[in-house]
1. Give the average, rounded to an integer, of partner chain Cβ atoms located within 10 angstrom of each Cβ in B:73-83.
2. Mind pulling the angle between the C-alpha long axis of helix B:88-103 and the longest principal axis of chain B? Nearest 10 degrees, somewhere in 0 to 90.
3. What ranking do B:53, B:41, A:117 get, fewest neighbouring Cβ atoms within 10 angstrom at the top?
4. As a test of the definition: which semi-axes, in Å, follow for the protein assembly as shown when you take the square root of five times each eigenvalue of its alpha carbon gyration tensor? Largest first, please.
5. Evaluated at 10 °C with a viscosity of 1.306 mPa s, what Stokes-Einstein diffusion coefficient in µm²/s does the range B:43-105 have when Rh comes from the Kirkwood expression over alpha-carbon pairs?
6. State the dimensionless ratio Rg/Rh of chain A (Rg: radius of gyration of Cα atoms; Rh: Kirkwood radius).
7. Pairs of Cα atoms under 8 Å, at least six residues apart: use those to get the relative contact order of chain A, whole percent.
8. Could you pull out the chymotrypsin sites (Phe, Trp or Tyr not before Pro) across the range A:13-71 that fall in loop regions by DSSP (anything but H, G, I, E, B) with no more than 14 other Cβ atoms inside 10 Å?
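Since every read-out is calculated from the coordinates, none of them should be taken as a lab result. Keep in mind the model is a prediction, meaning the values are calculated, not measured. When we count neighbours, we look across all protein chains shown, and the Cβ atoms used for this are built from the backbone with ideal geometry, even at glycine.
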Amino acid sequence: MPTTKDQAKDNLDQFFGKYGKEGFLQLFLTNYLQELVLLYLHSKPRAESDDTSSLLYADSTGKPYSTTQVDAFKTRLRKECGRRAAAIVKIAKDSGLLERLSEDPTSNPHILAEVEVAFRGIVEELR
Amino acid sequence: MGTSHAIGAPNTKKWKIAVAALRSPTRNANAVVGTTVSAAVPLIPPGYVSVPVAIAAYEGLRFAALVKRDGIDSAAEKTSVRLVEKYVAPSISSSLWTSISDRLPSAYGNSVFGKVAETAFKKTLNTVLTKGVEAMEE
């Protein structure tokens, strides 16, 4: 059944009531990182042996993983993206960036620079 | 049958490590995500992640604050969101992204990273609007 306007408002209010800006940013960054990781894992390989798109679905001998195994691995990938998203949000919270995200970033270039630093921070933060 | 690839694989040592992590018989999601991010992020030119992400986060938070304060119809009007009664959540997510996209330099918005931000933003807002607090459990 489609979501009505009243339900949408309730859902939005309840989400922000429980998780706040922090939760919204974390969910957005989890989805962003998941999309980014899958984009690269589905990139055009330079050699057949480096075909990550195939390696997601079959092992190095070519034996296919079951649908359950593939789904479970994608769930674990998402969980790891969530862990990194939480790390970015922590950086944003500790630096005060989270609060500043309520300002229009196009009128404050410092916000854009801070987002860049927070995002790139995950490369060093969590391996 | 072919596979559509939006980008080519990086030609770096870091990417070879990411490939090895995925190829490992004991493939570990933490290692795959960590090595993929380490290989990918340094190759993304400055601005291509931060600008779409910052503007989308700002617009998403602004919309939520307006809905809480003034209601959904008023928030939609103030943010130029076109509300479709039959498709409330997707029409808000899609329409709000159009506003975000209009504010992005085209180089960012039309890039593959702009598309990543678009998919992530629409998925996020759509899930929150339809599932509420359960959106975090996805």
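1. Taking the mean over all residues of the peptide, I get 1.
2. The helix B:88-103 is inclined about 70 degrees to chain B.
3. Result, fewest neighbours first: A:117, B:41, B:53.
4. 33, 20, 17
5. Answer, rounded: 128 µm²/s.
6. Radius of gyration over Kirkwood radius for chain A works out to 1.08.
7. 24 percent
8. A:57
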